[in-house]
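Engineer: My structure is below; once you've seen it, I'll send some questions.
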């Protein structure tokens, strides 16, 4: 796992974190996850900007062929955010994990593949520029 601190450029304060995880260099695959943000920056352009940087590095520097995202079935906010990035739902891992309280977690698995990256990137660049011009 490679964690990144998310810094708000306006305040200089740490406002969240995200990671590259489940790195598979041989198969040129990485997962972006364990992301969280302070409530004050949730639903702002910050997540899009961060994901654009991480995805650009993954596809253009690390030469990944796929970048994956995973989230709990009940985390609707995260699922919507992942879908807004342009990731496609690959499937649902049913009863994927057992939580500390004994409940079973279904995990939604999304990805962006290399052939989709140019279109996804153009959309993310447009989204971030639109947000900056508001």
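The numbers here are math on the coordinates, done by the rules we state, and not lab data. Just so we're clear, the structure is a prediction, and the values are computed from it rather than from any experiment. Here the Cβ is made from the backbone with ideal geometry for all residues, glycine too, and neighbour counts use every protein chain on show.
Engineer: How many nm separate the modelled label positions at residue 1 and residue 126, each set 7 Å beyond the Cα in the direction of the Cβ?
Structural biologist: Rounded to a tenth, the inter-label distance reads 3.5 nm.
Engineer: Among 63-74, 5-16, what's the highest-first ranking by average C-beta atoms within 10 angstrom per residue?
Structural biologist: Highest to lowest by the protection proxy: 63-74, 5-16.
Engineer: I need the semi-axes of the equivalent ellipsoid of the range 31-79: take the C-alpha gyration tensor, multiply each eigenvalue by 5, square-root it, list largest first in whole angstrom.
Structural biologist: The three semi-axes for the range 31-79 are 22, 15, 7 Å.
Engineer: Past the 20 angstrom mark, what percentage of all C-alpha to C-alpha distances in the range 15-101 do you count?
Structural biologist: The share of Cα pairs beyond 20 Å in the range 15-101 comes to 38 percent.
Engineer: Right, here's the next one. Counting alpha carbon pairs within less than 8 Å and at least 6 residues apart, what relative contact order, in whole percent, applies to the chain?
Structural biologist: Reported as a whole number, the value is 20 percent.
Engineer: Continuing with the same structure: Need one number: nm distance between label points at residue 97 and residue 116, each 7 Å from Cα along Cα→Cβ, rounded to one decimal.
Structural biologist: For residue 97 paired with residue 116, the spin-label model returns 2.2 nm.
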